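One structure below.
The values are calculated or read from the model by the stated rules, or taken from the named source; none is laboratory data. Not measured: the values here are computed from a predicted model. Neighbour counts are summed over all protein chains in view; Cβ atoms, including those assigned to glycine, are modelled from backbone coordinates with ideal geometry. All accessible areas refer to the heavy atoms of the entire protein, side chains included, with ligands and DNA or RNA removed. Shrake-Rupley method; radii C 1.70, N 1.55, O 1.52, S 1.80 Å.
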Amino acid sequence: MPLIILIVLLVGLRYFEVWRFAEISWWWIVGLMVVAFIWFEYIEKLLGLDKKKQHNIDEQRRKDRVKQSFDKTRK
């Protein structure tokens, strides 16, 4: 996510020609976009990071459901 924020920030600074960012070539920004695409489409899946995030979300849902069911039985 920080890479996406950096790309958006650079695009904005380059477009509005702020300070030294006005001199940055668009190719650098396009290059960062390509790196972000490759990361999110291939490398993240290769390392299993996308599955890990989903697993953590599912685990939290399970814990919340168990906690909720115990709270209902006590009342």
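What is the sum of charges around Gln54, taking Lys and Arg as +1, Asp and Glu as -1, for the other residues whose C-beta is under 13 Å from the C-beta of Gln54? Each step should come with its number before you reach the end.
On the way: positive: Lys45, Lys51, Lys52, Lys53, Arg61, Arg62; negative: Glu44, Asp50, Asp58, Glu59.
Result for the local shell: +2.
Ligands, DNA and RNA left out, the accessible area of the chain computed with a 1.4 Å probe is 66% carbon and sulfur. Here r is the Cβ-Cβ distance between Ile7 and Ile57 and R0 is 25 Å; the resulting FRET efficiency, rounded to 0.05, is 0.50.
Charges at C-beta only: +1 for Lys and Arg, -1 for Asp and Glu. How large is the resulting dipole of the chain about its Cα centre, in Debye rounded to 20? Before the final figure, lay out the partial values.
Numbers: 14 positive and 9 negative charges, 176 e Å.
Roughly 840 debye for the chain.
Using the rule -39500 (n - 2.57) for each DSSP H run of four or more residues, divided by the residues of the chain, the 222 nm mean residue ellipticity is -24500 deg cm²/dmol.
Can you tell me the accessible area per residue over the chain, all protein chains present, probe 1.4 angstrom, in square angstrom?
Details: 6880 Å² over 75 residues.
About 92 Å² of surface per residue is accessible.
In the chain, taking the dipole from charged Cβ atoms about the Cα centre, the farthest positive-side position among Ile7, Gln54, Phe21 is held by Gln54. Modelled label positions at Ala22 and Asp50, each set 7 Å beyond Cα in the direction of Cβ, lie 4.1 nm from each other. 3J(HN,Hα) along the stretch 58-65, derived from phi through the Karplus expression 6.51 cos²θ - 1.76 cosθ + 1.60 where θ = phi - 60°, amounts to 5, 5, 5, 4, 4, 4, 5, 5 Hz, with x in place of Gly and Pro.
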